[in-house]
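Read-outs throughout are calculated quantities, based only on the coordinates presented, and are distinct from any laboratory measurement. On a predicted model such as this, the values are computed, not experimentally measured, just so you know. Positions of Cβ are generated from backbone atoms using ideal geometry, with glycine treated the same way; all protein chains shown enter the neighbour counts.
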Amino acid sequence: MRKGRVWKYGDDVNTDVIFPGKYTYTPMEPPEMAQHALEDLDPEFAKKVKLGDVIVAGKNFGCGSSREQAASCLKFAGIQAVIAKSFARIFFRNAINQGLPVIQCQEAVDSLGMGDEVTIDFSQGKISGKAGEFKFPRLPDSVLGIVEAGGLIEYTKQKITSRES
């Protein structure tokens, strides 16, 4: 189980807002990318986000271009999960590849507010906080494995190493 604070945003938060397009072709290490997370939508986010915090958003989170930096910058900023009403397909896949859990749970989005404390139990498929308890489909073991490994590359390395042993 993981506990964190909610950062709440609306519908159609696109990848250019999550990681500003002006930095797309600027080589950056992950900590520097994290400094630019959501800067055009919420200039205080990168300064105030804490390890374990959660983004809660409306529908179509991560729409727009397929840039991986959108998922990466959130992960390296300390976000433990994104909870939304729905996700753009490419962002969903990029987030899983980066080891950033994405949870679709309309009831939680409708009930949680900015700054609320929540606990997420990925193994039970449960979000808990002062607004109540919300169920979501348990993440498949393969996705949990990717998240626990820190992303698809590390997960794959672990699988190869375990086969060689």
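For this structure, a couple of remarks:
- Taking region 72-86 as the range and being more than 16 Å from Gly151 (Cβ to Cβ) and either in contact with a Lys or Arg (Cβ under 9 Å, 6 or more places away or on another chain) or of a type in the set (Gly, Ala, Ser) (or both) as the test, the residues that pass are Ala84, Lys85, Ser86.
- Members of region 36-52 found to be touching a residue at least 12 places away in the same chain (Cβ under 8 Å) and of a type in the set (Lys, Arg), listed by number: Lys50
- Qualifying residue in region 53-71 (condition: part of a loop (DSSP other than H, G, I, E, B), in contact with a Phe, Trp or Tyr (Cβ under 8 Å, 6 or more places away or on another chain) and free of Cβ contacts under 8 Å to residues at least 24 places away in the same chain): no
- Where strands (runs of 3 or more DSSP E) sit wholly within region 79-165, those with at least 3 residues that are under 27 Å from Lys47 (Cα atoms) occupy 81-84, 102-104, 117-121, 126-129.
- If you go through region 1-34 and keep only what is free of Cβ contacts under 8 Å to residues at least 40 places away in the same chain, part of a loop (DSSP other than H, G, I, E, B) and loosely packed, with under 15 Cβ neighbours inside 10 Å, you end up with Tyr25, Thr26, Pro27, Glu29.
- Scan region 113-145 for residues that are over 17 Å from Gly78 (Cα atoms), crowded, with 21+ Cβ neighbours inside 10 Å and within 16 Å of the chain's Cα centre (by Cα) and the total you get is 1.
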